[in-house]
1. Hey, can you rank 65-77, 6-18 by average C-beta count inside 10 Å, highest first?
2. When the chain is fully extended, how far beyond the present Cα-Cα distance does Phe82 get from Gln7, taking 0.36 nm per residue of separation?
3. Fully extended, how many nm does the chain gain between Thr70 and Ala14 (0.36 nm per residue separation, minus their Cα-Cα distance)?
Amino acid sequence: MAQARAQGRICKVAADPLLPLRAFHDIGGAGAQADSYTIWIVQWVGQELRADFQHLRRWRKSVEQAQGFTFKAAISIIVAGFLGALWLGLKAMLGK
């Protein structure tokens, strides 16, 4: 941060009155782990908006893939447990 400030990359920039402002909130954790709260106020200018939305789409797709994998793994565990219980029950019935 000190180097960026020394290079003049951190400064006050006036908001463009024709572009919408967007706020992103970072709660810095949850519950007892919450350590800070930050609000980022941004404006997208020109092509940057499209690039940022493409980034958000890729992120959302990766989250959906992870959720899909987790869902499939959970279903596999449930089915394996059910089949195992069914097999043990059948084995117990045939053993008597």
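Just so you know, all these numbers are worked out from the coordinates, no wet-lab data involved. Source: prediction; values computed, not measured. All Cβ positions, glycine included, derive from the backbone under ideal geometry; neighbour counts span all protein chains shown.
1. Values: 65-77: 10.0, 6-18: 7.7.
So the peptides 65-77, 6-18, ranked by packing, come out 65-77, 6-18.
2. Working: separation 75, 0.36 × 75 = 27.00 nm, distance 6.32 nm.
Gain in length upon complete extension: 20.7 nm.
3. Values: separation 56, 0.36 × 56 = 20.16 nm, distance 4.47 nm.
That works out to 15.7 nm of additional length.
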